[in-house]
Amino acid sequence: MAINPVRSTYGIASAKNGSNQTLRSGSSEFYPGGRNDQRRFNTRNLSKDIAEMMTANRHKMLLGDSRYIYQSFSSIAGAVKQKANYVYGGSWRLRSLSSDVDFAEAVEKDFEQIDRMLDMRGSSFGFRKNVWVGSKLLDVDGDFFVILTEKKESGFPKLQFVESHRIGDWGECKDGYVSDSTAYNGRRILTGVIVDDYMAPMAYRVKDDSSARGFRDIPSNSIVHFADMEWFSQGRGTPTIASAILDWYDLSETRDAQKMKQKINSILTLVESTESGTRDVGRNALGLGGGSDQPATSYMDSGMIRIIKNGGSLKAHTANDPPEGWMKFTQLVEQSAFYALGWRREMLDSSSVGGAGVRGYVSDINKSIASRREILATGYKRLALYVIAKRAKMGIYELPDDWYKITFTSPAEYTVDEGRMRKADLDDLRAGVITNEDIVSRRGSNYEEVITTRAKELAMLKKISEKYGHDIQELSILTKPGDIVPEQNTNQDNTDD
């Protein structure tokens, strides 16, 4: 017999645990690391649910830091965009898996036609291309939302993509509990997510300028939340950039210092040594320069004459910057920060990696892409099913029993050696460990479409060969200049007389 699930303290306000339990220090002999330490004073309150620790104010700080880093560092912006490019890959075409062939064909064709009509903001945002933006937002913002809506006049399905900062604890949320809503009064709200007794989302509090209150509570069945959760108690997504915030800020400080040093070194050309370390005041009377603390310079056409005292010296200024140690430090910080991002720094510069190292980071990249695709595909299927149901209601097609069986085409698998990958695919195919469909899907194509296109090509070749009296093999063989075309089989009797 199944038991009931346990409730959390995130239910209605009256369900809060108000008991005063006696705090005990435990045994430092059992866990010596638990002794009081100055470094631990700011971390002892981390043994709570993530949703409770990530307050609305903390979430705003996290979002601001992540967006600043993305906009300020060309390397992190390039990595995030590069990752989004491979996740999107020009694919994400809807494919129906329904056994009703006519319905499947109608749905796929309909989605191709309305791709840039679904987003509320117009044709600049396509249903498929929004995958690219969504992947970027998961890295920079941590999550995003899509409101399921429609055109009132026609019932045409519409999708409103909403960024992370528009969902929050607006209105009256005293002590983290809603007190200004009849439907959700007394319910816990966690950074804009109103939850039930088991921390399941009931509604999302979204900014809405059309409302007198400035926000609206949208039920969870009318909004899709895209987030890659890392904790079971998590309510909002966290940016992947956030794991390396300290690294990026440290790197920013050292880079600023190095840039300033480089600018100073590029301006300094000559260094003069004098007894006083300043200009002789008497030179001002001769019109040889600026104030008394300025070096004496006199320009002549495109050249310059330097006047120095007897006993002084003049030498060229040189600097070996940036130093090699700092360059290695920068690379180490970037490498660790990229790991937190779910990416590899070798994607920006793979010249220093070879052999097994290349295969290792390529494997990591493809796993990261597959993980991100899984998160996006889960939400995108819900969006697609909403659109299909609405279009059926409009009378575009009728829904069979298995209308909900859908998928999306995959982008091409990342590789640094296309030729080697193709040879390995053929060997595996001959060994029977993979299929033709596996090979085609890894290249970002649909196997059924490939076979259909090949069938059309063969039918066209047959038609043309019959029309002009050629053997179809002559038109099918791909040759290049210098190749010997094989002779046709004449079926002659080659037996000895």
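The values are calculated or read from the model by the stated rules, or taken from the named source; none is laboratory data. For clarity, every value in this text was computed on a predicted model and none was experimentally measured. Note: ideal-geometry Cβ built from the backbone for every residue, glycine included; neighbour counts use all protein chains shown. Please note that ligands, DNA and RNA were not included when accessible areas were found on the heavy atoms of the full protein model with its side chains. Shrake-Rupley method; radii C 1.70, N 1.55, O 1.52, S 1.80 Å.
Considering each residue of the range 119-139 in turn, at least one proves to be at pLDDT 90 or above, within 21 Å of TYR404 (Cβ to Cβ), among the charged types (D, E, K, R) and crowded, with 19+ Cβ neighbours inside 10 Å. Tallying residues that are open to solvent by 60 Å² or more (accessible area, probe 1.4 Å) and at pLDDT 70 or above within the range 305-334 yields 6. The set of residues in the range 54-77 that are within 12 Å of VAL140 (Cα to Cα) and of a type outside the set (S, T, N, Q) comprises LEU62, LEU63, GLY64, ASP65, ARG67, TYR68, ILE69, TYR70, ILE76, ALA77.
Selection of the range 70-83 for residues being over 24 Å from ASN366 (Cβ atoms) and assigned to a helix (DSSP H, G or I) yields GLN71, SER72, SER74. Every listed requirement among (1) in a loop (DSSP other than H, G, I, E, B); (2) surrounded by 21 or more Cβ atoms within 10 Å (Cβ to Cβ); (3) in contact with a Pro (Cβ under 9 Å, 6 or more places away or on another chain) is met by ARG236 save one, (3). Among the residues here, VAL131 qualifies as of a type in the set (A, V, I, L, M) and touching a residue at least 24 places away in the same chain (Cβ under 8 Å). No other residue among ASN36, ASN20, ASN57 is farther than 24 Å from THR378 by Cβ, at pLDDT 80 or above and open to solvent by 30 Å² or more (accessible area, probe 1.4 Å) apart from ASN57. Number of residues in the range 150-175 that are open to solvent by less than 70 Å² (accessible area, probe 1.4 Å), over 14 Å from ARG216 (Cα atoms) and touching a residue at least 60 places away in the same chain (Cβ under 8 Å): the value is 6.
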